[in-house]
Every structure is written in structure tokens, then in C-alpha cells.
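To start, the structure under review is shown below, and the notes come after it.
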Amino acid sequence: MIEETGIDARPDDLTLWNVARAGNGGIGVLFRAPSLPEARLRERFEAMAAEERARGREPELDDVVLIDSTAQLPLLAGPHADYLEPIVRRYETTAAERA
């Protein structure tokens, strides 16, 4: 299974992590996938984007930005899902609990 970041993962490797409701009535279903090195993530994303463009389609995402706190949200350029802040906040809480 390849999703909008270009990462291929088997469904059995994914764990349901959160379901979020967007302000426009949409729903975001988020899964945790096995960790990858950042370089591998970027390599897969660039390959997926190049493949989409070769097919005459524009990729769903134009970049991947890694953040680990809500303090970094103002640094993000362009539009993003309105449920991003609560998701990042939950990640911060989960990471703090693991530490």
C-alpha cells in the first residue's frame, strides 16, 4: 500500500492511531507505520512525486515536513489539515509518556 507520502507499508504493519474530524466535515484517519530514517522517507516521497508527474498528475502533497511539537506549527508554509494541531498535541503527549 502506497499513500500520499510515497511510503509503502503492508496493512498488517499499520496501527490505527487516531480519527479526527475536520472543520469542513471531513474525517482524517491516521495510522502509525513502522519508523523509517528521514532520508528514506524523503527518497520515497520524491520517487512517488516524480512518478505521479510522469503520469501527468500532480502529487497530492508538494513537500514533507517533519515536526515534533506544536511550537513548530507556525513555521509550516501553505495550507494544512485543520486537525493538525490536535494531532501534533496528541503526539507530544504520547512521546512524553514514553520518555
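Within the set of pairs 6+ apart or on separate chains, which have a first residue in region 74-99 that is of a type in the set (Ser, Thr, Tyr), a second that is open to solvent by less than 80 Å² (accessible area, probe 1.4 Å), and C-beta atoms under 6 Å apart? From region 74-99, the pairs are TYR83/ALA20; TYR83/ALA22; TYR83/GLY28. Given the condition in contact (Cβ under 8 Å) with a residue 60 or more places away in the chain and either surrounded by 14 or more Cβ atoms within 10 Å (Cβ to Cβ) or outside any loop (DSSP other than H, G, I, E, B) (or both), answer yes or no: does some residue in region 19-26 qualify? The answer is yes; a qualifying residue exists.
Scanning region 45-60 for residues that are touching a residue at least 24 places away in the same chain (Cβ under 8 Å) and either more than 30 Å from ALA96 (Cβ to Cβ) or open to solvent by 60 Å² or more (accessible area, probe 1.4 Å) (or both) turns up GLU46, ALA47, MET48, ALA49, PRO59, GLU60. Out of PRO34, PRO11, report the one residue that is at pLDDT 85 or above and surrounded by fewer than 10 Cβ atoms within 10 Å (Cβ to Cβ). Matching residue, one of PRO34, PRO11: PRO11.
Please work out if GLY6 is closer than 23 Å to ARG90 by Cα, open to solvent by less than 40 Å² (accessible area, probe 1.4 Å) and touching a helix residue (DSSP H, G or I) at 6+ places or on another chain (Cβ under 8 Å). Walk me through how you get there before you give the answer.
Details: closer than 23 Å to ARG90 by Cα: no; open to solvent by less than 40 Å² (accessible area, probe 1.4 Å): yes; touching a helix residue (DSSP H, G or I) at 6+ places or on another chain (Cβ under 8 Å): yes.
Judged against the criteria, GLY6 is not a match.
The values are calculated or read from the model by the stated rules, or taken from the named source; none is laboratory data. Given the structure is predicted, the values throughout are model-derived calculations rather than measurements. We place every Cβ from the backbone using ideal geometry, glycine too, and count neighbours over all the protein chains shown. For the accessible areas, the whole protein counts, side chains as well, though only heavy atoms, and no ligand, DNA or RNA atoms are used. Shrake-Rupley method; radii C 1.70, N 1.55, O 1.52, S 1.80 Å.
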